[in-house]
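Inspection log for the structure reproduced underneath, given as structure tokens.
Only the coordinates and a few stated rules stand behind these numbers; no lab work does. Computed from a prediction, not measured in an experiment: that's the story for all the values here. Every residue, glycine as well, gets a Cβ built from its backbone with ideal geometry; the counts of neighbours run over all protein chains shown.
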Amino acid sequence: MKFERLIRYLPIVFAIFIGTQIAIWPSLKFVHISGTEFASRFSVIMFFSLLIERTVEILMSIWRSEKSNKLEAAVQRLIASNIPITDQKFIDAQESLINYKAETIQWTIPIGFALGVVVSAFGIRTLRQFIEIPTAWTDVAPEWQLWWFNMSDIIFTGALLAGGADPIHKLLDLYRKFADSSAAKAAGTKP
């Protein structure tokens, strides 16, 4: 139990250590972009997120759907036979199905993350679209800063792409609502 708690705090300790080492690097500046350009840049990320989401779904279907369908059918047969839900046979069948689905989910996240990191390493990145990168980087900041920025961008983008398109869609929808509300306020049509 104590070891688990220690492991939970390890990323925080690691982040603080890294932060103290790179605190002297200059801060990066955001790119000035319009609302439509912002949405356009995020829609590219959404496209690749949908692509990865669908790819993982197909891979999981090919690999794991047969057993999942058999377990689901076993539960449905027990329901059709009017077996009581407290019967151990029914409970075991449900637990087998739930465990198998949970195991499938445990596979989908790492596979999605791996695909997201690969796509991001090829150049589809989230943070870089919004940060102004100087052409002569070494005149402004150390080369290591660019390396760490790129690596962080690859990992963050990989995680974002692995999370699926729904969170990105919600973010874009929130931004659209904010932009519509701001435009309405500026036009004087909304208080």
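A few comments on the model shown:
- Residue that is farther than 23 Å from VAL117 by Cα and among the acidic types (Asp, Glu), where the choices are GLU37, GLU53, GLU57: GLU37
- Residues that are under 24 Å from ARG125 (Cα atoms), among the charged types (D, E, K, R) and loosely packed, with under 10 Cβ neighbours inside 10 Å, drawn from segment 1-41: none
- Within segment 27-51, residues that are on the phi < 0 side of the Ramachandran plot sit with their Cβ atoms under 6 Å from residues that are surrounded by 14 or more Cβ atoms within 10 Å (Cβ to Cβ) and in a loop (DSSP other than H, G, I, E, B), at 6+ positions apart or across chains, in these pairs: ILE45/THR126; PHE48/ILE124.
- Identity of the residue in segment 83-116, touching a Leu at 6+ places or on another chain (Cβ under 6 Å) and of a type outside the set (Ser, Thr, Tyr), that ends up surrounded by the most Cβ atoms within 10 Å (Cβ to Cβ): GLY116
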